[in-house]
1. Treating only the Cβ of Lys, Arg, Asp and Glu as charged (+1, +1, -1, -1), what charge dipole size does the stretch 1-120 show about its Cα centre? Round to the nearest 20 debye.
2. I'd like to know which of L167, L40, I73 lies farthest towards the positive end of the charge dipole of the chain, counting +1 on Cβ of Lys and Arg and -1 on Cβ of Asp and Glu.
3. Name the lysines eligible as straight-distance cross-link partners of K108: C-alpha to C-alpha under 25 Å, and not fewer than 8 places from it in the same chain.
4. Before rounding to the nearest 500, sum -39500 (n - 2.57) across all DSSP H runs of length at least 4 in the chain and divide by the residue total; then give [θ] at 222 nm in deg cm²/dmol.
5. Mind checking the dipole of the stretch 225-274: about its Cα centre, +1 per Lys or Arg Cβ, -1 per Asp or Glu Cβ, Debye to the nearest 20?
6. Just going by the charge dipole of the chain, with Lys and Arg at +1 and Asp and Glu at -1 on Cβ, which of L17, T134, V104 is farthest out on the positive end?
7. If you find the alpha carbon centre of the stretch 231-263 and of the stretch 50-91, how far apart are they in angstrom?
8. If you check each cysteine of the chain for another cysteine whose beta-carbon is under 4.7 Å away, which ones come up empty?
Amino acid sequence: MVCCKPAELVKAGSRTLSEAGQPPVGALFLMMDLFDLSQLAITLGSRTLSHEEAARYAAGIQALCRDVPLAHITGFQEFYGRRFNVTADTLVPRPETEELVLKVLSTKRSGVAADIGTGTGCIAVTLELEGDYTVHGTDISTAALAIARENARALGSRVNFHHGDLLEPLIASNIKLDILVSNPPYIAASERALMTQSVLGHDPHLALFADDDGLALYKRMIEQLPRVMKDNGYVFFEIGHSQGPALTNYITERYNVTVHVEQDINQLDRILWFNWCE
């Protein structure tokens, strides 16, 4: 049984979100993502929702009012033009991380690559599909790896996933890399008070926070680089906006490399990279 026109539901949903102090545009995105509708299809009213679909949409609007991220309502997030399933065990992919992937692809498009702390697998899968890499992904979370494998299968990607802590699975298998890329947990505990409830309440804290002012996991990977990197390889990290100087110093104190820090679309330091030459 048909029920309601999407445009009318979006209008009402926008009003509800606005009254709750949430961005009203979320009502449009929710409609588009839940029912795979374009904005034009919604405007033209080419499809009418059933009572069940309208109820599902209304429940989604209420979830948005409670700071539940859109991706946790729909169960997926777009990344580099592809849909990646997300769960409570995975960090929702961010647009800034697409810039990290683009930087890798624009620097070296072939070789053996590894995504450390793969989460949904969005970096690893995108690199494997967009470049000419043999790609490995590691994660300490078995639940996250299950989602990463599911995403790889759904998208036709042949990433090799490994369970373990940071670089340890690669070291154990004597895998040598042309490309190491990682978007690890890098938020300091002191920054918790600055974060939104939509992140704190729904993204796994294992994927958010790290000790030593957010630098602990970078430092562990940096110390082990000689055990995994090939000569003339590249290392790419997504970093917190204030971490560039500290990480640059930590790296250059140990290795004779030139470290580059680049800004994201918001003009914040976000990508740290260097050409490996021990």
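The values are calculated or read from the model by the stated rules, or taken from the named source; none is laboratory data. Not measured: the values here are computed from a predicted model. Glycine also receives a Cβ, built like all others from the backbone with ideal geometry; neighbour counts cover every protein chain displayed. Just so you know, the surface numbers come from the protein's heavy atoms only, side chains and all, with ligands and any DNA or RNA stripped out. Shrake-Rupley method; radii C 1.70, N 1.55, O 1.52, S 1.80 Å.
1. Values: 12 positive and 13 negative charges, 49 e Å.
The dipole of the stretch 1-120 has a size of about 240 debye.
2. L40
3. Once the sequence-local lysines are set aside, what remains near K108 is K176, K219, K230.
4. Taking each H run of at least 4 residues, the total per residue is -11500 deg cm²/dmol.
5. That gives the stretch 225-274 a dipole magnitude of about 220 debye.
6. About the Cα centre, the residue reaching furthest to the positive side is L17.
7. 35 Å
8. By the Cβ distance rule, which asks for a partner under 4.7 Å, the isolated cysteines are C65, C122, C277.
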